[in-house]
Structures are given as C-alpha cells and as structure tokens.
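Undergrad: Can you keep this structure in mind? I'll have questions shortly.
The values are calculated or read from the model by the stated rules, or taken from the named source; none is laboratory data. Computed from a predicted structure; not experimentally measured. Here the Cβ positions follow ideal geometry from the backbone for every residue, glycine too, while neighbour counts run over all protein chains shown.
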C-alpha cells in the first residue's frame, strides 16, 4: 500500500514537471475579455508582418521596481513577449537598466527618457525613488520614444503606432483648415498635438490653395469654418473631385458667454449639402446625456444636461470600422444631419452616430441653454432619433461647373469625383475642442479613427478601438430602477435565510442518520 502511494506521488510530480516544461516551451493563454485586450490585434500582427528590416524595442526600465509598479511591469513584459512571438526575427527586444551605470543613464536621457520621482516605503520609512519607465522603438536610422509608460492598457497601440512611424518612409501630410490655436479651451491644440506624432499637420493658408491636392495632402480637416470665398470653395471642391478625403465639422451656432447662441453663416454648409448631407440649424436634445457643471453663486452643481448628447454603442454603426468597437461619444450642442437623397450624387451616405429615439430638436433661434429650459424643451419636443455624424462616399458631383455655380475666374472644373473620395460630416466641432477632450477623452477615438482611415487605411483602428473607454450604465425605466433597488436590499437577508435553511436541513438529516445508526446498534 505504501509503495503504491509513493508511485502515485512520484507520477504526479513527474506529470507536474512535464506540464511546466511544456508550458514554458509552448506558452498558452486564454483571453476571454470582450475585445481580446490581452491578445495582439490583427492590425498589430499586420504591422509586424510588413516590417522589411529588423526593428528594435529597447526597454529602459529600472530593474528593482517599487511593489506598486510590479503588476504594470509584468503586463509590459507579457505584451512584449506577444510582440516577439508574432514578429519572430523581425523584432528584437532589449532591456536596459539606466541605473546600472552613468553611461546608460545618460543615453536614456539623451533619447528623451527622463527619470520619474516616486515616494516609496522602504523599511517603514518613506523615501524618494528615482526610476525609469521609458521605451524606445528603433528602425534603421529612425526612432520614436515613449518617455514614460503610465499604463500597459494602451501600450499596444503606442508601440504599433511607433512601429508604423519609424518604418514609414515619410509622414503623411494633413491640411488643417480651421481657427487658430487659442488657450481658452475652445481651440484644438490637444488633438493637433496628438496627431502630430504620426502626421505632418499644416495650417491652410491662402497661398496653399493651389497645392491642395490628394498627392500633397492625405486628408483635409475642415473645422468650424466661417466665411469661405469662391477660391477657397473651389479648392475644397476640386480636392474632393480629385479623390480627396475631407473631415467637415460644421457649426451652425456659436456658443458665447452665459450660454448665448449666435448663428454661424458658413458656405461650408452649402458645400456639404451639395454632396449629400444637410447640417440643420437646430440643436439636438436627448434623455441619454452627459453630466454638465453649472455655477450657482458660490456653488457648482452637476446635472444631466440634454444638450450634451451621449451616443452609446447602440447608436454607433457597428458595420463601420471607425465606430465598430467604440463604447460612447458625447456630442455637445450638436446640430442634426439630414442625409439628402436628392443630392446629385451616385455615392452613398451612412449615419455612423445617432441619438436615441428619446431625443428631440429645437430651432437654434428658440433655444435656451439653461438646464431647466433644456429639460422643458426635451419634454415638449417631437421624439425621434437624429443623425449626428455621417460618412459620405463618392462619386460626388462638383459644386462648380455643369449644373452648379460657375467656377471662379473662368477656371475649368472637374465635375465628378475620382474613386476614393470621402467626406465625414458632423454638425458641431465642440466635441473635439480642448475643453471637451479633457472631460470626455473617449471622443478623440472617433476623430482619430476617421483620420487614420482616410490617410492610412484601417491599420491602427483595430488597436485603438480596443482601448479602455467609457462604459456608461444603460438608461433604465423608473420601474426597473425601483425593482433593482428593493431587490438589492432584499438580496442579503434572503441569501442568509437560504444558507440558514440549508444548514438546518443538513443538521436535521445528520441527526436522523445518527438516530437510525444508534437505533440499529442498540
């Protein structure tokens, strides 16, 4: 009997050792998260497969990490292992501890990787630790640096973006046609700074109009345009006719001090209407909305604000790559779109973001933006879903020539667009300005997805769409909320009662079994 037990234990130990050996040689993980966030996306694998030379990812991490950062460090290691397995010999991973020598520390700082100062507890004493958390991606004579890895959740996108940038022969040009940078929160510095990591962003000037061609600029971003003369309209129109791509964020109303509204008369609205999308001069309100802060004397209060329409997954086009895996976007003070079936175009127009069926509209001239008035306007308005953003695909008919208006200066106009022409239209630019990106950073994903699709294809979209984002709780009827509240209160006592009843039943069964056993023994 003793020999059999020893054999069983030995066989078990050998089996465990064999399983560990095979697992070390052939690692396997099961990723059961909704978007597969712990598995490399197909987009990343395609980027790695396209590398024509060996790329190097050099990790400048301090060897002895504070305990609080060890989980993040392990996540980074796991991700880099996935990169290496997918890329094979096309990728090298190197680890450098800048604290190992003054020379390595100097190299890290020359790359732009700074030391990070952290307060740590060591032997019951609080100390300041200097650590490094940077990564450099190198390819040929190019390099891109991630100075500080703050969160491993977005690192796959950052590494993939860096590999695209360093392996590309040159950055693509993007024409930015909009207001100059300002510091009052209404500008677009945040998104422009972020995009400049992988694009060359050029502000459109009058002398650039002759160079506005798809060969020079992969996309044109038309942000909150105001007065456009015929030469400017002609340049935009002919850029599209040549197969260009335009992102048009068209404001019909300008927000002033104390929530005042001023109409915006812009020829850009007529231009996009010619291509199939009418930006209406009203504003959308929705029961599904975001919280807004308002000042009342010395008190700031947060209330649900119907003019800040929150579009969740059910209102986003799941078939379009720019919105397929997004969770929510907030459109503040947005004008609805009407996709015009009478436009002289043979292309298609598709809504990519729409409000719920519990939304309404109010003409901008009648709108009072105060919260109480907004709720009253929502209650009294006709309910129905409204389109907030749309994708238009050519061929398009020109705004000039043919049946359109004459081209300025008697110039010859191309009257039908080439293959590949596209327009993304939204009835507001507020959702992308600095103030709202700081409050709703998830908004940036939609804009970046559209620009990347227009300029680069869908190479990065599949990665960004998997990033952690806002997952708001679904709106429920009042009855459902009341039911869940009382169910939550009753769940604890009911669970204890069930456990007590089971324990009582088990004890009674044991007593009966014992009584029968002792009765037979007697």
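Undergrad: Could you check residue 428 against (1) crowded, with 23+ Cβ neighbours inside 10 Å; (2) outside any loop (DSSP other than H, G, I, E, B); (3) assigned by TED's automatic domain parsing to the domain that holds residue 336 and say which number it fails?
TA: The one condition residue 428 does not meet is (2).
Undergrad: Restricting to region 128-169, what's the tally of residues that are in contact (Cβ under 8 Å) with a residue 12 or more places away in the chain and assigned to a strand (DSSP E or B)?
TA: Looking only at that region, the number is 15.
Undergrad: Turning to a different aspect of this structure: Could you please let me know if residue 240 is touching a strand residue (DSSP E or B) at 6+ places or on another chain (Cβ under 7 Å), in the same structural domain as residue 269 (by TED's automatic domain parsing), assigned to a helix (DSSP H, G or I) and crowded, with 18+ Cβ neighbours inside 10 Å?
TA: yes
Undergrad: Can you confirm whether region 46-66 contains a residue that is in a helix (DSSP H, G or I) and over 16 Å from residue 162 (Cα atoms)?
TA: Checked against the condition, which is being in a helix (DSSP H, G or I) and over 16 Å from residue 162 (Cα atoms), region 46-66 yields no hits at all.
Undergrad: Of all residues in region 433-450 being assigned to a helix (DSSP H, G or I) and over 12 Å from the mean Cα position of the chain (by Cα), which is surrounded by the most Cβ atoms within 10 Å (Cβ to Cβ)?
TA: 436
Undergrad: Another question about this same structure. For region 319-333, does any single residue satisfy the condition of being over 30 Å from residue 457 (Cβ atoms) and without any contact (Cβ under 8 Å) to a residue 24 or more places away in the chain?
TA: no
Undergrad: Exactly one condition in (1) surrounded by fewer than 18 Cβ atoms within 10 Å (Cβ to Cβ); (2) modelled with pLDDT of 75 or more; (3) under 28 Å from residue 394 (Cα atoms) is not met by residue 493; state its number.
TA: Every listed condition holds for residue 493 apart from (3).
Undergrad: Out of all the residues in region 390-403, which are under 15 Å from residue 421 (Cβ atoms) and assigned to a loop (DSSP other than H, G, I, E, B)?
TA: Selection gives 394, 395, 396, 398, 399.
Undergrad: Evaluate the following for residue 193: is it in a helix (DSSP H, G or I) and not assigned by TED's automatic domain parsing to the domain that holds residue 400?
TA: Yes.
So that you can scan it fast, the table gives a plain yes or no per residue for (1) within 19 Å of residue 424 (Cβ to Cβ); (2) touching a helix residue (DSSP H, G or I) at 6+ places or on another chain (Cβ under 7 Å):
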site: 193; (1), (2): no, no
site: 204; (1), (2): yes, no
site: 209; (1), (2): no, yes
site: 219; (1), (2): yes, yes
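Undergrad: Please determine whether any residue of region 404-423 is at pLDDT 90 or above, in the same structural domain as residue 250 (by TED's automatic domain parsing), farther than 23 Å from residue 179 by Cβ and outside any loop (DSSP other than H, G, I, E, B).
TA: Among the residues of region 404-423, at least one is at pLDDT 90 or above, in the same structural domain as residue 250 (by TED's automatic domain parsing), farther than 23 Å from residue 179 by Cβ and outside any loop (DSSP other than H, G, I, E, B), which makes the answer yes.
Undergrad: Report the residue count in region 250-277 for those that are crowded, with 21+ Cβ neighbours inside 10 Å and in a strand (DSSP E or B).
TA: Residues meeting the conditions: 2.
Undergrad: Say whether the condition of being on the phi > 0 side of the Ramachandran plot, surrounded by fewer than 18 Cβ atoms within 10 Å (Cβ to Cβ) and in contact (Cβ under 8 Å) with a residue 24 or more places away in the chain is met by at least one residue in region 50-57.
TA: No, region 50-57 has no match at all.
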